[in-house]
Amino acid sequence: MEFRHLRCFLVLAEELHFGRAAQRLAMSQPPLSVAIQQLEASVGARLFLRNSKSVQLTAAGQALVPQARALLEQARQAMQLAKDVAQGQAGSLRIGFVGAMLYRGLPQVLQPFQAAHPRLRVELREMSSAEQLAELARDRLDAGFVHTAQVPTGLSQILVASQPLVACVPHTHALARRAQPLAPVDLAGFDQEPLALVSRQVSPDYHDRILALCAEAGWQPEVRHELRHWLSVVSLVSQGMGVALVPEALQRSGLAGAVFAPLAHATPPYETRCLWREGRERTDSGNHAALSAFLAVVRTQVALSG
């Protein structure tokens with residue numbers, strides 16, 4: 001049985017006339033008759049009663065009509081889905097992100113992208129930067145938003161955001177009782193304060209950078225708390241369990257009990273990059289069209305925010 005046989009069958013079932021059916025199918029009557037005969041042989045039953053005056057469906061033919069329509073519709077949908085996936089309009093896209101992106105950039109990228117691609121499923125996976133780099137290398141992510149200053153070879157990048165680090169202290173801290181907004185603070189003033197920061201395993205670049213900034217300011221902090229996420233760092237500080245240096249975007253987290261202040265001395269920026277495997281958006285493997293469309297939205301949002 002072939003799909004062309006089913007199309008011929010359905011048109012003839014609607015017209016009940018070989019001449020009109022052949023005309024609709026843009027073919028002559030003899031090939032139409034052959035197609036019906038081949039279908040009947042495949043089914044193993046007569047589908048039409050025909051003579052020189054009329055054509056009628058048999059009981060078997062009547063039973064086949066709805067099933068034939070369903071089969072052709074399923075085939076049409078399957079072909080449309082394949083086309084949509086090839087054009088980046090359907091399928092799935094696996095996007096990794098660090099938690100801080102929820103407050104700087106990620107919603108602004110996802111909203112217009114999903115509006116333009118409603119049939120495309122975007123799977124979000126919150127991971128540390130190190131975890132995302134590992135998953136990108138294993139081809140388990142299509143793209144990731146990471147905090148790193150050192151991009152491994154084989155990955156392409158877009159600089160999404162560059163922001164300063166700010167001091168984060170509990171609301172009970174002496175610094176927090178000053179007039180708002182808080183004036184820039186000198187790290188040396190913290191002196192004996194315990195420090196909370198992301199662990200070296202999770203974000204080696206910024207773990208080491210923060211400790212270097214403290215050392216440059218003459219502060220040798222007691223590193224008492226090492227955590228997996230920046231939001232966990234801010235949450236811990238809000239409970240009065242230390243102080244921290246965090247990306248400026250975390251001020252939007254809205255966690256009660258955490259107070260933020262700019263630093264008195266300029267620091268290297270805290271950078272967020274969108275990474276993906278080099279050339280993946282230009283190949284015929286995976287969701288290349290969807291990834292290409294996603295990266296276009298990322299670039300647009302970067303230009304608008306810049």
Does at least one position in region 264-271 carry a residue that is within 21 Å of Q150 (Cβ to Cβ), part of a strand (DSSP E or B) and among the polar types (S, T, N, Q)?
no
On the given criteria, is Q77 closer than 30 Å to G91 by Cβ and not in a loop (DSSP other than H, G, I, E, B)?
yes
What are the pairs, 6+ residues apart or on separate chains, where a residue within region 143-162 that is within 20 Å of V122 (Cβ to Cβ) has its Cβ under 8 Å from a residue that is surrounded by fewer than 12 Cβ atoms within 10 Å (Cβ to Cβ)?
S156/G279; A161/S305
Tell me, please, whether a residue that is in contact with a Leu (Cβ under 7 Å, 6 or more places away or on another chain), modelled with pLDDT under 90 and in a helix (DSSP H, G or I) can be found in region 200-207.
yes
From the option list W276, W219, single residue qualifying as outside any helix (DSSP H, G or I) and in the same structural domain as T148 (by TED's automatic domain parsing) is W276
Name the single residue that is surrounded by the fewest Cβ atoms within 10 Å (Cβ to Cβ) among those in region 1-40 being farther than 23 Å from E73 by Cα and hydrophobic (A, V, I, L, M, F, W, C).
V34
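Yes/no per residue for (1) under 30 Å from V198 (Cα atoms); (2) small (G, A, S):
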residue: P31; (1), (2): no, no
residue: R46; (1), (2): no, no
residue: Q80; (1), (2): no, no
residue: G99; (1), (2): yes, yes
residue: Q108; (1), (2): yes, no
Those residues that are within 56 Å of the chain's Cα centre (by Cα) and small (G, A, S), I need them from region 42-58; list them, please.
S42, G44, A45
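Scanning region 84-101 for residues that are of a type in the set (A, V, I, L, M, F, W, C) and modelled with pLDDT of 80 or more, which turns out nearest to A293 (Cα to Cα)? Full working, then the answer.
We begin by selecting, within region 84-101, every residue of a type in the set (A, V, I, L, M, F, W, C); these are 85-86, 90, 93, 95, 97-98, 100-101.
Restricting the remaining residues to those that are modelled with pLDDT of 80 or more gives 93, 95, 97-98, 101.
Values: L93: 11, I95: 13, F97: 18, V98: 21, M101: 20 Å.
Across region 84-101, the extreme among qualifying residues is L93.
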So is V169 closer than 30 Å to F190 by Cα, at pLDDT 90 or above and in the same structural domain as Q251 (by TED's automatic domain parsing) or not?
yes
Here the residues within region 279-293 that are assigned to a helix (DSSP H, G or I) and at pLDDT 70 or above are R280, H288, A289, A290, L291, S292, A293
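Got a sec? Which of V43, V98, V65, V55 is touching a residue at least 40 places away in the same chain (Cβ under 8 Å), closer than 30 Å to W276 by Cα and either aliphatic (A, V, I, L, M) or not assigned by TED's automatic domain parsing to the domain that holds P118 (or both)? Before the answer, list the steps.
Numbers: V43 fails: closer than 30 Å to W276 by Cα; V65 fails: closer than 30 Å to W276 by Cα; V55 fails: closer than 30 Å to W276 by Cα.
Checking each option against the conditions leaves just V98.
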Among the residues of region 55-83 satisfying the criterion of being surrounded by 12 or more Cβ atoms within 10 Å (Cβ to Cβ) and within 22 Å of Q114 (Cβ to Cβ), which is modelled with the lowest pLDDT?
L81
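Of all residues in region 1-15, which are over 16 Å from Q62 (Cβ atoms) and of a type in the set (F, W, Y)?
Filtering region 1-15 for residues over 16 Å from Q62 (Cβ atoms) gives 1-5, 7-8.
F3, the sole residue that qualifies.
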Under 6 Å between Cβ atoms, at least 6 apart or on separate chains: pull out the pairs that start in region 262-279 with a residue that is farther than 26 Å from A215 by Cβ and end on any residue that is in a loop (DSSP other than H, G, I, E, B).
E278/G154
Could you check, for region 166-178, whether at least one of its residues is in contact (Cβ under 8 Å) with a residue 24 or more places away in the chain and of a type in the set (D, E, K, R)?
no
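The values are calculated or read from the model by the stated rules, or taken from the named source; none is laboratory data. Owing to the predicted nature of the structure, the values given are computational and were not obtained by experimental measurement. Please note: Cβ atoms are built from the backbone with ideal geometry, for glycine as well, and neighbour counts cover all protein chains shown.
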